[in-house]
Amino acid sequence: MNDRLKSLLTPFAAPAVESEDSAEDIAVAVNRSRDVVLARRVLWAGTSALRRRGLLGRDSIDADEGVYLVPCQWIHMFGMRFPIDVAFLDSTGRVLAIHHGLRPNRFSRPVLRAEGVLELASGRLNDTGTRVGDIIELQ
């Protein structure tokens, strides 16, 4: 993990939470390449239990919400009730791959160089013009 991303995630590396079923907020996900906010409330899922649960059990996700799964190189949508947009990020925050509107009961492609996955409301990446190669910063 590069130092810039480490400095962004360090406060969240050991969240002060009561249980492994809780998540810690990251204030904002910003596409620095396009100077646009992707989500104002991103939950950091850095434990195995949180990554397994992800967005399961929810009926939807607001356009201003997201989940950052780390470490993660692929996801599944089994048990999901709605499609999502997915951006695979490397250790510098660079977008390596995007899945637009990944539907329930599907797998993503594996992205072996990915350090984490940003899950957003379906259509959000397209609405913000986010493309492969853009830099996403988690503030």
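Annotations
- Any hit, region 61-70, residues being over 16 Å from V28 (Cα atoms), among the hydroxyl-bearing types (S, T, Y) and either touching a residue at least 60 places away in the same chain (Cβ under 8 Å) or touching a Phe, Trp or Tyr at 6+ places or on another chain (Cβ under 6 Å) (or both): no
- Here region 51-96 is the region considered, the condition is being among the aromatic types (F, W, Y) and at pLDDT 90 or above, and the residue that is surrounded by the most Cβ atoms within 10 Å (Cβ to Cβ) is F88.
- Pick from region 31-50, criterion more than 17 Å from D62 (Cβ to Cβ) and modelled with pLDDT of 95 or more, ranking: surrounded by the most Cβ atoms within 10 Å (Cβ to Cβ): N31
- A search for C-beta distances below 6 Å between a residue of region 106-131 that is touching a residue at least 40 places away in the same chain (Cβ under 8 Å) and within 20 Å of W44 (Cα to Cα) and any residue that is among the polar types (S, T, N, Q) and assigned to a loop (DSSP other than H, G, I, E, B), counting only pairs 6+ apart in sequence or on different chains, returns A114/Q73; E115/S91.
The values are calculated or read from the model by the stated rules, or taken from the named source; none is laboratory data. On a predicted model such as this, the values are computed, not experimentally measured, just so you know. Here Cβ is always computed from backbone atoms with ideal geometry, including for glycine, and neighbour counts include all displayed protein chains.
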